[in-house]
């Protein structure tokens, strides 16, 4: 398989077509044949035509001619209709990191090629976590080659270890405390952006989820909003796509804190009065009939922070701020996972375990205190235990006490909290936390 450009310009077509592809294959009888394509204007067109021809003819390309670049092109074709568009774009973005392996024939691919690539990628100024993500992608391509094209890469698999750098400082999670958030939000004059940042902080939405939120997904009666789709930040506000959420667990209903609810209600009313019949609830909350430009919120935030001298955090860090706010106000790990739309609790634990360490210390201190109090209450120095012998009257009284009714739960009955109960509890937790913090600030201010 190869895409080539005709060097003799006299053989180019009148409209400048000079690229073609050539494929060696075996037909149904096992006879080796060659296919030479027509001319194409660009190399990209020739590569795409080559893929289409292979898929259409369903030919068996000779193994000895297949390069690593051919393999990941076949992998792309295989995955194109099987993964989300955003995932597929991530695949494309990782192509440059596979470049040293492009021309290696798969029949020759060995541990020495992998070690050469590993050394090359290790010299790149990127984080170890990014290197491991790229290696995970490489492994996915090799797995595809093994399962679909029957190549044997066992020698390489056994030596694919994670990238680590002992000198690399781990990136600490950045977030706003509630006091820092109050300092920030009271300096946001624009009602739309005030609603936006409160939604990120109180509801923990991802950036794409925030862009995809529509007015029709706000339940004014129950004070809830529904997260159903997203608009990834890679899309502009004019050429955009609503896509499914990151995971199935990301689809969720979130309670709206009263503080946020009042601003959203006011903003919704202003838009209706301003745009009259042009306004519909199908508009995006933080845009209009088009979503908000992806970079605008962070640019606005930077201006505010620079003006008041507050640290600048990423837009995604408002989501971490939400998690910190929930945890510090008593939310358990299951509640936080549900609130943030994590499909697995392990993801929540891995991300926010350090925020729970303080809570664990509180539990240990409480346990120690209870143990100490119990020991003190059991100590009875210089006193003999009092043992009373039951009389006939007390024996009769004891015998006459009715046995309490047994509480039985049938196997088909399960103790569960329905979603509405959880949402109500979350709404109460957030509202109470806000009120307590406001009261503490007032006391501090007055004192």
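Quick notes
- Annotation: peptides 100-110, 334-344, ranked by per-residue average of other Cβ atoms within 10 Å with the highest first, follow the order 334-344, 100-110.
- Peptide ranges 253-261, 218-226 listed from the most packed, as the mean C-beta count within 10 angstrom indicates: 253-261, 218-226
- Exposure proxy ranking for 144, 68, 184, based on other Cβ atoms within 10 angstrom of each Cβ and starting from the fewest, stands as 144, 184, 68.
- Size of the range 62-169 from its Cα atoms: along the principal axes, largest to smallest, the extents are 46, 33, 21 Å.
- For 354, 35, 268, order by how many other beta-carbon atoms lie within 10 Å, fewest first: 354, 35, 268
- In terms of other Cβ atoms within 10 Å, 348, 42 run from fewest to most in the order 42, 348.
Here, each number is a calculation from the coordinates, and none is a lab measurement. The structure presented is a predicted model; accordingly, all values stated were derived computationally and were not measured. For neighbour counting, all protein chains shown are included, and Cβ atoms are generated from backbone atoms with ideal geometry for every residue, glycine included.
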